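Input: a single structure, listed below in structure tokens.
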Amino acid sequence: MAEEAAVRAQAETVRRLKQDKADPDEIAKEVAKLLEMKAQLGGDEGKHKFVLKTPKGTRDYSPKQMAIRERVFDAIITCFKRHGAEVIDTPVFELKETLTGKYGEDSKLIYDLKDQGGELLSLRYDLTVPFARYLAMNKITNIKRYHIAKVYRRDNPATTRGRYREFYQCDFDIAGQFDPMIPDAECLKIVHEILSDLQLGDFLIKVNDRRILDGMFAVCGVPDSKFRTICSSVDKLDKMPWEEVRSEMVGEKGLSPEAADCIGDYVQLHGGLDLIEQLLQDPKLSQNKVAKEGLGDMKLLFEYLGLFGITGKVSGGCWSLAQAAQRGCGVSFSGEIPKVPEHDPGPPALGKLLEQGGLDQMISRGPFQPQPFYDGLWGSFWGQDSSSIPQTHLASEEKIRTTETQVLVASAQKKLLEERLKLIAELWDAGIKAEVLYKKNPKLLNQLQYCEDTGIPLVAIVGEQELKDGVVKLRVVATREEVNVRRESLVEEIRLRTSQP
Amino acid sequence: QGTRDHPPAHVVLRDRLLAAVVACFKRHGAAAIDTPVLELRETLMGKYGEETKLIYELQDQGGELLALRYDLTVPFARYLAMNKISTMKRYQVAKVYRRDNPATTRGRYREFYQCDFDIAGWFDPMLPDAECLKIVHEILSDLQLGDFLIKVNDRRILNGVFAVCGIPDSKFISTCSTVDKLDKMPWEEVRSEMVGEKGLSPEAADLIGDYVQRHGGLDLIEQLLQDPKLSQNKVAKEGLGDMKLLFEYLGLFGITGKISFDLSLARGLDYYTGVIFEAVLLQQEKEPGEEPLSVGSVAGGGRYDGLVGMFDPKGRKVPCVGVSIGIERIFSILEQRVKASGEKVRATETQVLVATPHKHLLAARLKLISELWDAGIKAEMLYKKDPKLLKQLQYCEDTGIPLAAIVGEQELTEGVVKLRDVARREEVRI
């Protein structure tokens with residue numbers, strides 16, 4: 001029949017897609033079509049019509065991914081705590097009005113909840129606006145806080161490149177009025193510590209300042225009205241060569257060739273304190289008040305970074321941060337991993353691993369901040385699902401265990417379930433991490449294989465003879481050596497053998 | 001509404017609590033997974049019975065129809081089916097969302113944490129079920145919440161009881177939910193709801209009353225196995241047989257003292273197919289002049305063998321049993337306790353403040369603190385070029401930092417640091 005042939009053809013399509021490892025979303029769509037067709041044919045009970053998947057742009061985390069994620073977050077949180085940050089948490093949804101008007105064009109990417117007769121709600125888009133609301137609600141003026149949580153954006157996800165609609169942000173912010181550049185320097189020290197701890201290889205932290213950019217544009221004769229759009233062109237310098245950027249500025253954005261060349265002179269420079277000194281001497285820039293301010297602060301920052309011992313990995317005057325800098329009013333920085341290792345089978349380097357932008361403007365615009373209240377630095381730290389990069393590095397190095405079990409309670413003979421249960425209860429009550437197979441009479445070989453598969457290092461074997469003698473046979477899985485341990489000393493022996501160096 | 005921010009003190013306490021729970025899950029060899037907060041609406045529909053109206057739905061913005069997850073069990077079943085997994089022991093600690101009418105003073109919110117532990121797979125009967133109960137017992141004991149009780153029952157026993165009492169199949173679920181109220185209402189009220197609202201005959205209601213008001217241990221199970229009517233009912237016999245086996249294992253685990261086979265336990269969710277259980281705290285914290293905090297159940301769960309099959313395209317079955325710890329309620333109790341004891345919960349873990357008493361020593365502070373951070377020491381300093389010593393010491397007292405490392409001009413020339421114990425005000429030169 002025609003319908004049956006159509007179903008067969010559809011099944012073939014699905015098989016082919018799976019074989020070609022096509023985009024999972026596409027596969028899911030075709031599978032759904034297939035199930036629908038089958039149901040209509042009446043060959044199915046009809047109860048499996050729906051598509052089995054997570055929403056577009058979201059994903060589950062398997063135990064292996066969780067183990068890696070835990071490690072990454074551990075390194076990050078340890079660093080935050082080392083610097084005396086407090087942690088807060090906010091709800092996943094906010095009142096719709098709290099989020100309205102804060103994200104400009106991006107507002108259309110916000111997930112709204114259905115009007116079900118209560119308050120109008122939306123899922124949080126980032127952690128910064130909730131933070132601002134938290135500060136205003138609680139009338140807090142000084143705080144150093146971190147917040148690690150998922151945020152939601154109805155983006156067009158490129159999940160192969162690590163971009164999702166639901167992803168983690170790890171935010172670290174310092175709010176308050178302080179002596180200049182000290183908190184900024186600490187933020188950079190934190191970025192440096194985290195990237196070092198994660199052992200991702202070589203990295204570079206690029207720094208810039210809005211005021212320097214503004215000053216540069218001014219002395220090059222860029223009209224005020226074109227500041228933002230020129231900024232976004234300059235921003236592309238990390239992806240395109242100068243000639244292309246220049247022609248975009250002149251050709252598409254209508255900038256005069258002279259202005260473009262002037263900008264070109266500056267933006268191709270980068271360096272450390274020496275560059276800053278050079279720019280401070282620059283005849284044009286030194287006349288510009290705003291640029292001088294920015295350069296002065298940048299110099300101070302680099303001095304502090306020197307005292308922190310991290311200038312080796314910091315590069316100033318990088319104009320490719322133009323867009324980020326432009327959103328704020330002070331220092332901006334970004335941490336990047338410059339190259340991808342050859343054996344990397346996963347997503348290519350994401351480039352901008354961490355980004356920061358100053359956010360006073362956002363606050364002063366909000367309904368709860370009538371005037372610029374926070375003069376201090378906002379260091380905002382977000383990893384765009386940063387766990388996807390470390391995954392490829394860490395996973396390739398070692399076999400990651402998904403559990404922490406120390407010992408399997410096993411038996412070689414039949415009818416020893418009771419003894420196994422009694423022994424394992426003793427171990428659990430003593431805080432030992434132990435497992436037992438859910439079989440009344442499991443084969444020893446299967447039990448040993450389970451240990452090898454899941455990485456359990458020890459086996460506690462009960463046998464009839466051992467029971468009579470009051471001992472337990474403790475076997476080391478890796479070396480296959482066995483030793484008889486007295487029942488009373490078993491806990492201690494396990495602890496000894498599994499304690500970390 | 002029904003949500004709250006969590007200030008640092010809260011989060012510290014909460015994380016302590018979650019760590020204790022996770023430690024127990026890990027002790028039993030569970031691996032962690034995480035699922036998105038959003039699920040396709042169709043994934044959640046038809047799984048929660050009457051409670052479906054409490055699901056938060058997302059607005060139709062032109063893409064897939066989505067909703068916020070209501071619990072962690074249905075996502076788990078979806079995960080198993082999607083990945084064609086037939087054996088897994090997993091835990092998941094995450095927030096879930098319910099458009100409840102929150103009684104926020106009694107610890108009920110619309111956004112709240114659940115700590116779930118589930119075992120999926122084909123195993124010899126009652127062993128994983130027994131381990132779930134052992135886990136509840138360990139957690140509630142470890143947290144020292146006072147006396148508690150774990151009530152156990154079985155859907156099959158309940159179904160059997162209803163059958164021998166002459167309840168029509170169609171009224172099973174509705175009768176279940178009425179019987180469930182026995183922990184809050186006296187029998188007379190429950191009976192009149194059954195007869196008055198649910199349309200049961202008075203004789204049937206009385207028959208039910210004979211059974212559901214009973215609770216006990218192995219002795220009760222034996223008694224029921226001998227019961228002339230029940231022993232004729234196949235489903236009830238199955239349930240009672242498994243219950244007996246369960247109690248034997250619980251005896252070997254040494255925990256039967258806190259377990260009660262309670263025939264009135266019915267539990268709300270539709271998807272349970274076998275053992276069901278619920279843990280309640282028996283003693284409420286009573287402070288003089290303060291309202292006792294009654295928090296109801298703190299953990300619950302059961303066996304749900306049919307759920308994964310509902311997702312699997314071929315209807316492939318994966319039996320599951322699991323437990324969910326009601327962390328928010330436990331948290332309220334711990335919060336009260338901390339408040340009552342006057343313990344000051346620190347919001348940070350900073351060990352030492354790097355301070356300078358004189359002017360122009362910022363560079364020295366920056367260098368010293370950098371050394372400490374690089375050595376993994378948790379350290380802070382004030383963001384001021386020339387802070388006053390008094391202010392720095394005050395900061396330590398306010399935030400609970402135990403030590404201050406002070407460098408002045410004299411100390412710099414001598415190559416020492418003055419280490420000050422904030423609480424005792426003693427200083428040593430190092």
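The values are calculated or read from the model by the stated rules, or taken from the named source; none is laboratory data. Model, not experiment: these values are computed from the prediction. Here the Cβ positions follow ideal geometry from the backbone for every residue, glycine too, while neighbour counts run over all protein chains shown. In case anyone asks, the SASA skips ligands and DNA or RNA and just uses the protein heavy atoms, side chains included. Shrake-Rupley method; radii C 1.70, N 1.55, O 1.52, S 1.80 Å.
For chain B, the longest principal axis of the alpha carbon atoms and the long axis of helix B:362-374 meet at an angle near 40°. Amide H to amide H distances under 5 Å link B:A299 with B:A279, B:G326, where only residues 5 or more positions off or on other chains count and H is placed in the peptide plane. With a Förster radius of 22 Å applied to the beta-carbon distance between A:L273 and A:K226, the computed FRET efficiency rounds to 0.10. Remark: mean inter-chain Cβ contacts per residue of A:58-69 equal 5, using a 10 Å Cβ-Cβ cutoff to other protein chain atoms.
Over the range A:407-499, accessible surface divided per residue gives 51 Å², non-protein components excluded, 1.4 Å probe. Ligands, DNA and RNA left out, the accessible area of chain B computed with a 1.4 Å probe is 51% carbon and sulfur. Taking amide H as placed 1.01 Å from N in the peptide plane, A:S256 has no amide H partner under 5 Å among residues 5 or more places away or on another chain.
Per residue, how much accessible area does the range B:352-429 have with a 1.4 Å probe, in Å²? Working shown, then result.
Numbers: 4190 Å² over 78 residues.
Ligands and nucleic acids excluded, the figure is 54 Å² per residue.
Computed from point charges on the beta carbon alone (+1 for Lys and Arg, -1 for Asp and Glu), the dipole magnitude for the range B:1-110 about its Cα centre is near 560 Debye. In chain B, taking the dipole from charged Cβ atoms about the Cα centre, the farthest positive-side position among B:F247, B:L230, B:P387 is held by B:P387.
How tilted is helix B:389-399 with respect to the longest principal axis of chain B? Cα atoms for both, answer in degrees (0 to 90, nearest 10). Orientation of helix B:389-399: about 10 degrees from the principal axis.
Largest mean-square fluctuation among B:D169, B:D100, B:D129, in a Gaussian network model of chain B whose springs join Cα atoms under 10 Å apart, belongs to B:D169.
Quick check for me: using +1 on Lys/Arg Cβ and -1 on Asp/Glu Cβ, what's the dipole size of chain B about its Cα centre, in debye to the nearest 20? Present the calculation step by step, with values, prior to reporting the outcome.
Working: 58 positive and 63 negative charges, 225 e Å.
For chain B, the charge dipole is close to 1080 debye.
For peptide B:245-253, the mean count of partner chain Cβ atoms within 10 Å of a residue's Cβ comes to 3. In terms of the Cα gyration tensor, with a ≥ b ≥ c the square roots of its eigenvalues, is the range A:407-499 rounded because a/c is under 1.5, prolate because a/b exceeds b/c, or oblate? Rounded is the answer for the range A:407-499, as its axis ratio a/c remains below 1.5.
Overall, the accessible surface of the range A:407-499 at a probe of 1.4 angstrom is composed of carbon and sulfur to the extent of 49 percent. With contacts taken as Cα pairs under 8 Å at a separation of at least 6 residues, chain B carries a relative contact order of 16 percent. For chain B, the longest principal axis of the Cα atoms and the long axis of helix B:202-212 meet at an angle of about 50 degrees. By definition, a body whose alpha carbon gyration tensor gives a ≥ b ≥ c is prolate when a/c is 1.5 or more and a/b is larger than b/c, and the protein assembly as shown fits this prolate description. Could you calculate the FRET efficiency of A:E452 with B:S341 from 1/(1 + (r/R0)^6), where r is the beta carbon distance between them and R0 is 45 Å, rounded to 0.05? The calculated FRET efficiency here is 0.40.
For chain B, a Gaussian network of Cα nodes joined below 10 Å ranks B:G326, B:G29, B:G239 by mean-square fluctuation, and the top entry is B:G29. Interface between chains A and B: roughly 7500 Å² of accessible area buried, both sides summed (probe 1.4 Å, protein heavy atoms only).
Between A:L444 and A:K236, the modelled labels are 7.1 nm apart [label points 7 Å from Cα along Cα→Cβ].
Taking amide H as placed 1.01 Å from N in the peptide plane, the amide H of A:E86 sits under 5 Å from that of A:K144, A:R145, A:Y146, each at least 5 places away or on another chain.
Counted by Cβ distance under 12 Å from B:S231, the other residues give a net charge of 0, where Lys and Arg count +1 and Asp and Glu count -1.
Note on A:A9 and B:H360: the model spin-label points, each 7 Å out from Cα along the C-beta direction, lie 8.8 nm apart. For the range B:8-341, rounded, prolate or oblate, judged on the Cα gyration tensor with a ≥ b ≥ c (square roots of eigenvalues), a/c < 1.5 rounded, else prolate if a/b > b/c? Note, shape of the range B:8-341 comes out rounded. Distance between the modelled labels on B:D60 and A:K253, one decimal in nanometres: 4.2 nm (7 Å Cα→Cβ projection).
In order along the range A:233-241, the Karplus-derived 3J(HN,Hα) couplings, from 6.51 cos²θ - 1.76 cosθ + 1.60 at θ = phi - 60°, round to 6, 4, 4, 7, 4, 7, 10, 10, x Hz, and Gly and Pro are given as x. Treating r as the C-beta distance of B:W187 and A:K414 and R0 as 60 Å, the FRET efficiency rounds to 0.80.
In terms of distances greater than 27 angstrom between alpha carbons, the cross-link table entries A:K414/B:K317; A:K56/A:K108; A:K422/B:K258; A:K206/A:K284; A:K144/A:K239 yield A:K414/B:K317; A:K144/A:K239. Simple rule: put +1 on each Lys or Arg Cβ and -1 on each Asp or Glu Cβ in the protein assembly as shown, find the dipole, and look at A:Y164, B:H360, A:C262; the Cα lying farthest toward the positive end is A:Y164. Between B:R90, B:R155, B:R16, the residue with the greatest mean-square fluctuation in the GNM of chain B (Cα pairs under 10 Å linked by springs) is B:R16.
Can you give the calculated 222 nm mean residue ellipticity of the protein assembly as shown, where each DSSP H run of n ≥ 4 adds -39,500 (n - 2.57) and the sum is split over every residue, rounded to the nearest 500 deg cm²/dmol?
On the way: 34 runs with 379 residues, N = 931.
Result for the protein assembly as shown, helices only: -12500 deg cm²/dmol.
Of the residues B:V152, B:G400, B:P313, the one whose Cα sits farthest towards the positive end of the charge dipole of chain B is B:G400 (charges of +1 on Lys and Arg Cβ, -1 on Asp and Glu Cβ, taken about the Cα centre).
Within the shell of other residues whose beta carbon sits under 10 angstrom from the beta carbon of A:I148, the net charge comes to -1, with Lys and Arg scored +1 and Asp and Glu -1.
Using the Cα centre as the reference, give the magnitude of the dipole from point charges on the C-beta atoms of the range A:407-499 (Lys, Arg: +1; Asp, Glu: -1; all else neutral), rounded to the nearest 20 debye. Walk me through the numbers on the way to the answer.
Values: 16 positive and 15 negative charges, 57 e Å.
So the magnitude is around 280 debye.
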